[in-house]
Structure formats: C-alpha cells, structure tokens
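Notes follow once the structure below has been shown.
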Amino acid sequence: MELPKTLFDSFEINEQLLPSTDNGEEKFRAFRQLLIQRIEELIQRDFEKLKWILYRIDVSEKKLNEALQNSETDAATVMADLIIQRQIEKAESRKKFGDNENEWNFDI
C-alpha cells in the first residue's frame, strides 16, 4: 500500500522516521506504529485537532464510535486502523471511478 503524503502532513509525521527499505509491509507497520503514537499524543494534548483531522480525512463518526465501543484495543489503535481503512477505500474509489490527473483531491 502506498502511504499517502497527506497523512504524514496531517499528523505531522516525519517520513524519514520510516525504515529505509523496499519492503512495503515493513514500512506500513512502522507507519502504523508512528500514527498510533501521534494519535495518542493528540488525544492527550490536542483532542480538538484530532477531531478536525478525523473529520477532514472523512472517518465516519458512527464507525468510530462503534469501533471504540466494540474493541478491546486502545483508542489510538482503533483510530489508526480506521484512518488507514478509509485511505484504502478512497484509493480504491479513485482507481475505480476516475482519472487521478483530473480529480480534485480534498485529502488533508
């Protein structure tokens, strides 16, 4: 999976913190861990910013609430997985429905 630059920017994650490898799965796991850590920081220090980012990324509030209620894992992990899932959905939709060159991109 290609990691969208917008996620790095939105969560202020330095791409250089990822391992310098061609192994996509290893990079993905490292990114997921960095995302979880950043979400934990935002939960503690700037929850309003986190809510704004979730809104801009278009994570369903209903799905988030259900996932948080039905999960035994911590909130940051649940949120990270929902964010990643939403990015995958958007990428698949772009592939299916359009020419990426002419599409508007509102990802933040």
Cα-centred dipole magnitude for the chain, charges only on beta-carbon of K, R (+1) and D, E (-1), debye, nearest 20: 180
Leu68-Thr21 pseudo-label distance in nm [points 7 Å out on the Cα-to-Cβ vector]: 3.3
Cα-Cα over 26 Å, subset of Lys51/Lys95; Lys51/Lys90; Lys49/Lys95; Lys63/Lys95; Lys49/Lys90: Lys51/Lys95; Lys49/Lys95
Kirkwood Rh and Cα Rg combined as Rg over Rh, evaluated for the chain: 0.96
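Coordinate-derived values only; no laboratory data. Note that the structure is predicted; figures quoted are calculated from it, not measured. Counting neighbours? That spans all protein chains shown, and the Cβs are built from the backbone with ideal geometry, glycine included.
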